[in-house]
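Reading through the structure tokens given below for one structure.
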Amino acid sequence: MSAPDSASDGASSLVTFLQHQSRQRAAAVALRHKKRGIWQEKRWRQVWTETRRLATVLTQAGFSQGDSLLLLSHPRPEALLLSLAAQYLGGVALVLDPDSDRAELAGLLPQLGARHVFAESQTQVDQVLAAHSGGALILYADARGLADYAQAQLCDYGHALAAVGEIECEPQAAPAEAFVFYRLEADGQLARQVLSHEALLSAGQRVVAAERLSAHEQALAARAFAAGAQIRYLLAPWLIAGFCLNFPENIHTRDNDRRELGPTLVAGTRATYGRLAALVEQHLPPPGSALRGLIDAALRPEASWWLRALSYYPLRRPLCDVLGLNRARAPLLIGAPLDEKDQRFFAALGVRVRPWPDSNTWQRQPAHPAHAAAGSALWTAADTQHLDHAR
Amino acid sequence: MFYLESGQFSTSYRQDQRIFRLWQARLALVLLLAAAYTVVPWLGSDYLFSAILIPFLVLSLAGVGLNLLTGYAGQLSLGSAAFMAVGAFATYNFLLRLPGLPLLDGFLLGGLSAVPVGLVFGLPSLRIKGFYLLVSTLAAQFFIEWLFTQVPWFANNSSSGVISAPALVILGHHFNTPRGSYLLTLSIVLPLVLLAKNLVRGQLGRNWMAVRDMDTAAAVIGIPITRTKLLAFAISSFLLGIAGALWAFTYLGTVEPHGFDLNLSFQILFIIIIGGMGSILGNFLGAAFIVLLPILLSIISSAWLGDWIQAGQLENLQKILFGCLIIVFLIKEPEGLAKLWNTLRARAHGWPLSYWN
Amino acid sequence: MSFFFEVLLGGVLSGVMYSLIAIGFVLIYKASGVFNFAQGSMVLFAALTFVSLLERHVPFWLAFVATLLVMLLLALLIERLVLRHLLHRSPMTLFMATLGLSYVIEGGAQALWGAQVHGLDLGIADEPFTLAGLMLSQFDLFAAAIALSLVIVLSLLFNRTRVGLSLRAVADDPLAALAIGIRLQRMWVLVWAVAGFVGLVAGLLWGARLGVQFSLSLIVLKALPVLIIGGFTSIAGAIVGGLIIGASEKLAEVYVGPILGGGIENWFPYVLALLFLLIRPAGLFGEAAIERV
Amino acid sequence: MTSIPRPLLRLEHISLSFKGVKAITDIGFEVAEGEICALIGPNGAGKSALLNVINGVYQPQQGQVSFDGEVRRHMQPHHAARRGIARTFQNIALFKGMSVLDNVLTGRTLKTHSSWIEQALRIGRAAAQETRQREYAEKVIEFLRIQPWRNTLVGQLPYGLQKRVELARALAAEPRLLLLDEPMAGMNQQEKHEMSQFILDTNREFGTTVVLIEHDIGVVMGLSHHVVVLDYGKKIADGSPDEVRCNPEVITAYLGTKH
């Protein structure tokens, strides 16, 4: 499909791609979120307008070019759209892993001193408040338990969105970096990983090209935002190829949700795939049973061609179906390779896991967004090399 | 197992509330219906129609009727046959005494006139529970049977209260042939079953189950116990009434009040025990079972045992077999064949993994 | 007027016969909480066995004892094959199980002994005689006497013997009974056997009346209203209930029947029982349970 | 709860006895709109009986209950439900044969306005209603974090979860007054903490007034604005947690019942 031509020209940012898609396929489904038992859909047009309204919300809270919005949330559309809104205004999205331990967050938050924050739910809101950050605005998605919080800057995502109209101004010229990840090193020093628009888009385009991703993909974003790689391999391609990004209901229902959805594009780490393999392991019929014997025989990589053929319909295909992987055209493996066992398991299933590099170049340095450019440049260089290796 | 489920998800509650969520299931249903309306009537023999399919369909409907009352609302009843009788005799009289009344309206009126009877004998259920309720339903059973034998008017003064089927004519089409009655029965039973299904998956159905599982809690939630129970009796006897009319006119042709005796009531109870309480599908499975078992039995005996055992003994054998089956089902599979079917589906859903949510 | 009393008395006496069936129910219900629909078929089975033995020239008492043994065996089988597997199940399930049981027993009885009607002569002439100006049936009196002695025997069994005491314990609270080391299974076998014995007696009397035939198993349906009126748990209730049903049934037959066109004795007891229920849901002697939440 | 809101529930001189056995004698107290009120007291102090009086499962021999200004001697449970009183039971009273979702949906019965005929034919209001009820049920399911078990039969759930589902069923009715009979009985500390969090959130989020019975004094004191202490069917103390904590009678009653 024709995207605004390659990321080489500095002007193009994630937002420009979003704008492009919202024109290209306004009525196509851009986002799905399994919420309250059903997959709630957003079309590209809606995504675009919602982003522009969020931009209004942020501006009203004094967010302006070069500012940064802090995201402390599990993967959910709100977080995604907010980061896009921030970039729309020429800002940066700072991302923290909500599952990193309280102490680390407590150490991180004050240092970042972000004035605009998206905190998923009460837990995160408390952490943010405790760190006296989010002075200007704290948006939250899950209002549960926040009813009698007095703080003026607290604001419900839904309400905020409903209250405002779309922003007038066009997308602002974006600074080099789109996302910055922060974590504390063991010695308590701050480390950051920068994803620049340019790097993201070029990486994204590589993925799209290499995996032949089309607008018809169904991508499952189980852990997007937890890692930079996820953004690189899901978010960027999503905007470039214009397919549909799906968010599971929550961490406990993800396996069920994946099965319902049957994604064609998944991006996981060694751990993700390992977990699946283990899950299958423990749900297989007990060792020694006839069926188990059959399955093991069929899944052995050195199984004869006729056994594979015979076992395809009764065993391997249904197993893939249960895992929700039978449509997975592009199961991406990011970073470290799978260990032997899992490798063989997925190979036998016919799920051809595609390795992609995760160049998490964390640099230890004080948190001054000003210094980001250097970081991102450095990172890009590193990454392109990795990618070249990969090809 | 052989069908893929992934990729089939609902994006709205409407979608999520469909009876058949998988397209494979919907396809199967369509094929089944198509077969029932084309291939079967085309190839089927009169024996198939009048000895197997028609009783199967009618008993399934009766089973649904009783299941709403006993399986869903938890009100044990041994009076099913009585309500069927009311339906049959009412239909007969409506068609007899209102010349020109369309056949289907006759069936409908028959079902409707079973409703008040059901309500009357359901009233005690508001004060009494469990076994005590048996008395009420048995009272219905005996009283109705007596009434129709005793008052010749109901049978148009025919000898010993025998009534025979009116001409089964709808818009000039005759359905008196076995094939015709089969099609007629099918077309009456299916929509009614659909209605029943809609009820049990709606609020009323949930209220019924709530009353069944724990009526104090149900009352505390605000479920109107009285109304809920009586509705169960009313709707149940409506379906039973129509089933009775079909039993009399599309299956038997001629019937006397004693055709609706306690044994028929028991038979229908067995259908829901074997098929599965609290399940719509179960009634079909149970009915098929009840209809086919005797036939198989007689075939087997005539094939292998020859004339070694005579008819009487065969009947006894049948009785013993049925009794044993009931006991075995209650012990091994209290939720009946429907449960087996569901476990099968669950297994297929997670195949080849075991217990996958 | 004396006619009225004759009818009444006749009814009362025939009510005794109902009580006999009902007692069998009560025993089993008390001890195992099972509503035994198969009682009727047990009566049939007992009677058929006994008669068939007689017809094979087995002396009366021998046949009687033999039949008792058969009933004991039956009880044993029922406990082994059915009840044992239905522990802790809902009363409804147990009831339906006995429904199945009744089918098995009826089928079995007729498969064994055939379906034809057997005459049975207990050597009591059924000729009426007058007492205080009332026409009475000798047979009825005999039946009443039997029933009375039976009740006495049972009450002795229940109140004097250790077995009886443990039976009552089981009835009151099976778990507690288990706890104090009462062997539930054995108790059940016993009580079902006793019920079988009662069934045999009833079967003989009824058989002598109507001939031993399939319809015997239907008197279970007569016993049901008796139980409703008397309450499921009281032998005294069963007796009184029986008498009430018997009397009112006869009276209704004689005085109401002609108006309605006869044959009302099939449903009249039920309507009566229903009226009782609506006034006193737990029966005359049954104790009402308060619902705890 | 700084300002003094008008009482939502007032009990006056309630006395209840079963077959002459006194369960409750002359108890009276008020529950303010929007507060969490705890009934505590040793076993057999008549706590559960009192809840049953409040929502009409038991009829008191003397005294009267006034809810939201409406005074009454006798009330049927479903009427209480209609007025906005929901409750959970000491030993879980869920509908074992139904899924979690269906159990929660039964709680919506009073909010369903489609006739059974409409439901049978899927015409008129039926479909729309069904969807609306489902939406609300899902809201509650999300609120209590039981999505993963949406379609599981409640019979198969562990005890703690069943308690949560029962709470969900009660919440589905959008009650004004929520009666909780030992919501945390038999739970470990972790589960207790979760549950009291849920109760607090309910109270805050929907402003639901809560009357609960609980034995764990620690939990009670942390959770409730108002504590009423019963002993042998009589009220021996009534006030804020702190007042109650240092009430001599209470101390004796509790120490008395121990050892």
Stretch in chain C that is longest and holds no GluC sites (Glu not before Pro) that DSSP places in a loop and that have at most 10 other beta carbons within 10 Å:
C:1-286
Choose one answer from D:ALA237, D:ALA127, D:ALA137: the residue with the largest mean-square fluctuation in a GNM of chain D with alpha-carbon springs under 10 Å.
D:ALA127
Quarter of Cα convex hull surface for chain A, i.e. mean projection, nm²:
20.3
Just rank B:LYS332, C:LYS30, fewest to most, by other beta-carbon atoms within 10 angstrom.
B:LYS332, C:LYS30
What is the P(r) of the protein assembly as shown, as percent of Cα-Cα pairs per 20 Å bin from 0?
9, 29, 32, 21, 8, 1, 0
Relative contact order for chain B: what is it in percent, counting Cα pairs under 8 Å that are at least 6 residues apart?
28
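For the pair B:PHE20 and C:VAL254, what calculated FRET efficiency results from E = 1/(1 + (r/R0)^6), where r is the Cβ-Cβ distance and R0 = 56 Å, to the nearest 0.05?
So the FRET efficiency works out to roughly 0.35.
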Computed magnitude of the charge dipole of the protein assembly as shown (debye, nearest 20; Cβ of K, R +1, Cβ of D, E -1)
1100
Give the distance, in whole Å, between the Cα centre of the stretch B:255-297 and the Cα centre of the stretch D:125-155.
36
Determine the relative contact order of the stretch A:40-175: mean sequence separation of Cα pairs under 8 Å and six or more apart, normalised by residue count, in whole percent.
30
Give the relative contact order (percent, whole number) for the stretch D:95-174; include only Cα pairs under 8 Å separated by 6+ residues.
51
Taking N as the number of residues in the stretch B:47-350, what is its alpha-carbon radius of gyration divided by 2.2 N^0.38 Å?
1.01
The orientation-averaged projected area of the Cα convex hull of the stretch B:1-102, in nm², is 11.7
Here, trypsin sites (Lys or Arg not before Pro) of the stretch D:1-87 satisfying both criteria (DSSP loop; at most 11 other Cβ within 10 Å) are D:LYS19, D:ARG73
Overall form of the stretch B:233-312 per C-alpha gyration tensor (a/c, 1.5; a/b vs b/c):
oblate
Going down the table (B:LYS332/C:LYS222; B:LYS129/D:LYS96; B:LYS197/B:LYS339; D:LYS19/D:LYS96), which pairs top 24 Å between alpha carbons?
B:LYS332/C:LYS222; D:LYS19/D:LYS96
Which of B:LEU195, D:ILE85, C:VAL254 sits closest to the plus end of the dipole of the protein assembly as shown, meaning its Cα is farthest towards the positive end, when Lys and Arg get +1 and Asp and Glu get -1 on the C-beta?
B:LEU195
For chain C, what Kirkwood radius comes out of the mean inverse Cα-Cα distance, in Å?
19.7
Given the rule -39500 (n - 2.57) for each run of at least 4 DSSP H residues, summed and divided by the residues of chain C, what is its mean residue ellipticity at 222 nm, to the nearest 500 deg cm²/dmol?
-23500 deg cm²/dmol
Sequence-distant residues sharing a close amide H with C:LEU136 (under 5 Å, placed H):
C:PHE129, C:THR130, C:LEU131
Dipole of chain A, positive end: most advanced residue of A:LEU84, A:GLN193, A:GLN65 [Cβ charges, Cα centre]:
A:LEU84
At a 10 Å Cβ-Cβ cut-off, how would you order D:GLU138, B:GLU333, D:GLU70, fewest neighbours first?
D:GLU70, B:GLU333, D:GLU138
Treating the angle as unsigned and between 0 and 90°, give the value, to the nearest 10°, between the Cα long axis of helix A:44-60 and the longest Cα principal axis of chain A.
30
Rounded to 10°, Cα long-axis angle of helix A:14-24 versus longest principal axis of chain A:
70
Name the residue farthest towards the positive end of the dipole of the stretch B:186-311 from the options B:LEU262, B:ALA243, B:ALA303, assuming +1 on Cβ of Lys and Arg, -1 on Cβ of Asp and Glu, about the Cα centre.
B:ALA243
Expressed as cubic angstrom per residue, what is the convex hull volume of the alpha carbon set of the stretch C:161-254?
117
Neighbour-limited loop hits for trypsin sites (Lys or Arg not before Pro), the stretch A:291-367 (at most 16 other Cβ within 10 Å; DSSP other than H, G, I, E, B):
A:ARG352
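Quick one: order D:ILE146, D:ILE141, B:ILE331, C:ILE28 by neighbouring beta-carbon count within 10 Å, fewest to most.
Ascending Cβ contact count within 10 Å gives the list B:ILE331, D:ILE146, D:ILE141, C:ILE28.
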Calculated P(r) tail over 22 Å for the stretch D:1-74, as whole % of Cα pairs:
22
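If you build the Cα gyration tensor of the stretch C:36-133 and take the root of 5 times each eigenvalue, what three semi-axes come out, in whole angstrom, biggest first?
Semi-axes (√(5λ), whole Å): 31, 18, 13.
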Compute the normalised compactness of the stretch A:40-175: alpha-carbon radius of gyration over 2.2 N^0.38 Å, N being the residue count.
0.99
Per residue of the stretch B:137-145, what does 6.51 cos²θ - 1.76 cosθ + 1.60 with θ = phi - 60° give for ³J(HN,Hα)? Whole Hz please, x for Gly and Pro, Karplus curve as stated.
5, 5, 4, 4, 3, 6, 4, 4, 4
For chain A, take the longest principal axis of its alpha carbons; what is the angle in degrees between that and the long axis of helix A:77-88, to the nearest 10 within 0 to 90?
50
Could you go through the stretch C:184-195 in sequence order and give the Karplus-derived ³J(HN,Hα) for each residue, using 6.51 cos²θ - 1.76 cosθ + 1.60 with θ = phi - 60°, rounded to whole Hz, and x for Gly and Pro?
3, 3, 4, 4, 4, 3, 4, 5, 5, 5, 4, 4
Rounded, prolate or oblate for the stretch B:114-265? Axes are the square roots of the Cα gyration tensor eigenvalues, ordered a ≥ b ≥ c, and the cut-off for rounded is a/c under 1.5.
oblate
Set the bar at 26 Å for Cα to Cα. Now go through D:LYS111/D:LYS163; D:LYS111/D:LYS139; A:LYS42/D:LYS163 and name every pair that lies beyond it.
A:LYS42/D:LYS163
Longest exposed-site-free window of chain A, the sites being GluC sites (Glu not before Pro) in a DSSP loop that have at most 13 other C-beta atoms within 10 Å:
A:1-165
Using only Cα atoms, what is the ratio of the radius of gyration of the stretch D:95-174 to 2.2 N^0.38 Å?
1.11
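Based on a Kirkwood Rh over C-alpha pairs, give the Stokes-Einstein translational diffusion coefficient of chain D at 10 °C and viscosity 1.306 mPa s in µm²/s.
The estimated diffusion coefficient comes to 83 µm²/s.
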Quick one: which residues, 5 or more positions from A:ILE38 or on another chain, have an amide H under 5 Å from its amide H? H modelled 1.01 Å from N in the peptide plane, none for Pro or chain starts.
none
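All of the numbers you see were taken from the coordinates with simple rules; none came from a lab. Here the structure is a predicted model, which is why all the values come from computation and not from measurement. Because the Cβ atoms are built from the backbone with ideal geometry, glycine has one as well, and the counts that use them run over all protein chains shown.
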